[in-house]
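Contents: one structure, followed by commentary.
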Amino acid sequence: AAAAAAAAAAAAAEAEEAAQPTESQAINAALVALVRNSDLFGLRKTIRQIEDRFNARHNYPYIFVNDVEFTEEFKRGVRDLTRAQVHFGTLDDDSWKIPEWIDQERYAQVKQTARYPHGEKDSYRKMCRFQSGYLHHHPLLRNLDYYWRIEPDVEYYCDMDYDPFVFMKERGIKYGWNIAMTEFMATVPTLWNTTVQFATEHPEFIAHDSLWQWMVDEQGRYNGCHFWSNFEIVDLAFYRSKEYQAFFEHLDKAGGFFYERWGDAPVHSIAASLFLNASQIHYFSDIGYFHPSVLTCPSDARTRGSCVCDSQKSFVQNGLCTARFLQVKQALLDPNATTPAAS
Ligand code: GDP
Ligand code: MN
């Protein structure tokens, strides 16, 4: 009974702490992740760094969602690390399923023969579909204007000496990224054609200064470039827009989340590159970051923000997609420049 009373007191203290008003937020934003209970320790590493590098000064809330209930151990393990509010939620069944229109036999065949990471898994495909089409509609995110996506086991190498949400809002930026790379093409063989079909049906959805050129090669095929969405800071009005929503539904009906293994990274990236203007997409080259197995590190890492990464090892050094993004964006923003800057 004493242990139960102590636990109840601890829970009450925890609830009280969570409900305490923190410094008033200029922006309705949160740090958000879909995670599993088994990700607790990887996620604790991430939160520790986010708090030390940024959020202890801002106290933006965290939102975690899961396809099963979070355990008490998980909730405690997360709440221990922050003064900010933490919200935990589960998903509704529609957002985490194999849709009725998927041909089960064809899909079973695909899983058996797939030769790419996670090719045999239902859960990975449901995860990608959820992050593409449903996370931004989750009830816990309903009143949110911006989110910063986080994941277990990532690293933040530098102090953030400004608030990226404010930075984006002041400039009308809708999508922020920090690593761009090419996709395993075996996971997206028909994604581009399915996209072109959509764009042909909806030319009115394509932004005037869209970055689509960033994603196509000389033959007009998808070159695989995408923003790595394990880090992304997004104005959620973009994902809730009729353009994005219609695009997701078109992709979902085509079945490629299951017959192939379309990732939320190329889906978000293609949508951003078609429906947003170049000026609305920002490369956060100053945010030093690692997700297994790639890192990005600012070129002036030794002198700024207490960075603890090696610029020489930064992926951007050999990142063709990053250089191409900068060239295409520069050409769109300043069409008179003859030699677009590549840095
Ligand atoms: P990768 O980054 O592509 O290697 O994929 P991850 O394994 O890191 O998964 C991406 C994110 O989705 C991580 O935050 C995972 O915790 C989460 N995730 C992946 N699969 C599942 C799942 O089946 N259930 C839940 N709740 N989260 C998942
Ligand atoms: Mn990951």
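The values are calculated or read from the model by the stated rules, or taken from the named source; none is laboratory data. Everything numeric here is computed off the predicted structure, so don't read it as measured data. Here the Cβ is made from the backbone with ideal geometry for all residues, glycine too, and neighbour counts use every protein chain on show. Note: areas computed on protein heavy atoms with side chains; ligands, DNA, RNA excluded. Shrake-Rupley method; radii C 1.70, N 1.55, O 1.52, S 1.80 Å.
Rounded to the nearest 10 Å², what accessible area does L326 show when all protein chains are kept and the probe is 1.4 Å?
Its heavy atoms expose roughly 40 Å² to the probe.
Give the relative contact order (percent, whole number) for the chain; include only Cα pairs under 8 Å separated by 6+ residues. Before the final figure, lay out the partial values.
On the way: 540 pairs, mean separation 68.7, N = 343.
After rounding, I find 20 percent.
At a 1.4 Å probe radius, carbon and sulfur cover how many percent of the accessible area of the range 96-170? Please report the intermediate quantities before stating the final value.
Numbers: 1680 of 3630 Å².
That share works out to 46 percent.
Based on DSSP H assignment, which helices of the chain show an axial Cα extent of at least 24 Å together with a mean Kyte-Doolittle hydropathy greater than or equal to -0.5?
Length and hydropathy pass: 2-19.
Once the mean 1/r over all distinct Cα pairs of the range 106-199 is inverted, what Kirkwood radius in angstroms do you read off?
Details: mean 1/r = 0.0587 Å⁻¹.
Here the Kirkwood hydrodynamic radius works out to 17.0 Å.
Could you tell me the number of lysine pairs in the chain with C-alpha atoms less than 28 Å from each other, where the two lysines are 8 or more residues apart or belong to different chains?
Lysine pairs meeting both conditions in the chain amount to 28.
Cα centroids of the range 186-202 and the range 117-153: how far apart, whole angstrom?
Between the Cα centre of the range 186-202 and that of the range 117-153, the gap is 21 Å.
Under 1.5 on a/c is rounded, so check that first for the range 261-317, then, if it is not, pick prolate when a/b is larger than b/c and oblate when it is not; a ≥ b ≥ c are the square roots of the alpha carbon gyration tensor eigenvalues. Display every interim value, and only then the final one.
Working: a/c = 3.39, a/b = 1.74, b/c = 1.95.
Cα axes put the range 261-317 in the oblate bin.
Take the alpha-carbon positions of the range 24-333, form their convex hull, and give its projected area averaged over all directions (one quarter of the hull surface) in nm². Spell out each step's value before the answer.
Working: hull surface 63.9 nm².
Answer in nm², one decimal: 16.0.
Accessible surface of M215 in the full protein assembly, 1.4 angstrom probe, to the nearest 10 Å²?
Its accessible surface works out to 0 Å², give or take rounding.
Check the cysteines of the chain one by one and keep only those with no other cysteine Cβ under 4.7 Å from their own.
Cys with no partner Cβ under 4.7 Å: C128.
Under the rule of -39500 (n - 2.57) per DSSP H run of 4 or more residues, summed and divided by the residues of the chain, what mean residue ellipticity at 222 nm is obtained, to the nearest 500 deg cm²/dmol? Intermediate results must be reported in sequence, preceding the final value.
Numbers: 12 runs with 128 residues, N = 343.
Rounded to the nearest 500, the figure is -11000 deg cm²/dmol.
Applying 1/(1 + (r/R0)^6) with R0 = 41 Å to the Cβ-Cβ distance of S299 and E72, what FRET efficiency is obtained, to the nearest 0.05? Intermediate results must be reported in sequence, preceding the final value.
Working: r = 44 Å, r/R0 = 1.08.
Efficiency at R0 = 41 Å is approximately 0.40.
Out of residues 5 or more away from V65 or on other chains, whose amide H comes under 5 Å of its own, with H placed 1.01 Å from N in the peptide plane?
Residues meeting the amide H criterion: A33, L34, V35, G89.
State, in angstrom, two size descriptors of the range 218-295 derived from its alpha carbons: Rg to one decimal place and Dmax to the nearest whole number.
Using the Cα atoms of the range 218-295, the pair Rg, Dmax is 13.8, 38 Å.
Give a quick list of chymotrypsin sites (Phe, Trp or Tyr not before Pro) in the range 32-141 that DSSP marks as loop, anything other than H, G, I, E or B, with at most 11 other Cβ atoms within 10 Å. It would help to have the intermediate numbers written out before the result.
Values: sites: F41, F54, Y62, F64, F70, F74, F88, W96, W101, Y107, Y124, F130, Y134; in loops: F54, F70, W96, W101, Y134.
Hits after loop and neighbour filter: W101.
Under the √(5λ) rule applied to the eigenvalues of the Cα gyration tensor, what semi-axes describe the equivalent ellipsoid of the range 32-178? Give them in Å, descending.
They are 30, 18, 16 Å, listed largest first.
Does the range 79-126 come out rounded, prolate or oblate by the C-alpha gyration tensor, with a ≥ b ≥ c the root eigenvalues, rounded set by a/c under 1.5 and, if not, prolate when a/b is larger than b/c and oblate if not? Before the final figure, lay out each step's value.
Details: a/c = 6.81, a/b = 2.11, b/c = 3.22.
It is oblate, given that a/c is not under 1.5 and a/b is not larger than b/c.
Taking GluC sites (Glu not before Pro) as candidate sites, keep only those in a DSSP loop with at most 16 other Cβ atoms within 10 Å, then name the longest stretch of the chain containing none of them. All intermediate terms of the calculation are to be shown ahead of the outcome.
Details: sites that count: E23, E69, E100, E120, E218.
No qualifying site falls inside 219-343, the longest such stretch.
Would you please name the trypsin sites (Lys or Arg not before Pro) within the range 29-127 that are DSSP coil residues with at most 10 other C-beta atoms within 10 Å of their C-beta? The partial results should precede the final answer.
On the way: sites: R36, R44, K45, R48, R53, R57, K75, R76, R79, R83, K97, R106, K111, R115, K121, R125, K126; in loops: R36, R83, K97, R115, K121.
Sites meeting the loop and neighbour criteria: R115.
Restricting attention to the range 185-271, which trypsin sites (Lys or Arg not before Pro) occupy a DSSP loop and are surrounded by at most 15 other Cβ atoms within 10 Å? All intermediate terms of the calculation are to be shown ahead of the outcome.
Values: sites: R221, R240, K242, K253, R261; in loops: R221, R240, R261.
Sparse-neighbourhood loop trypsin sites (Lys or Arg not before Pro): R221, R240.
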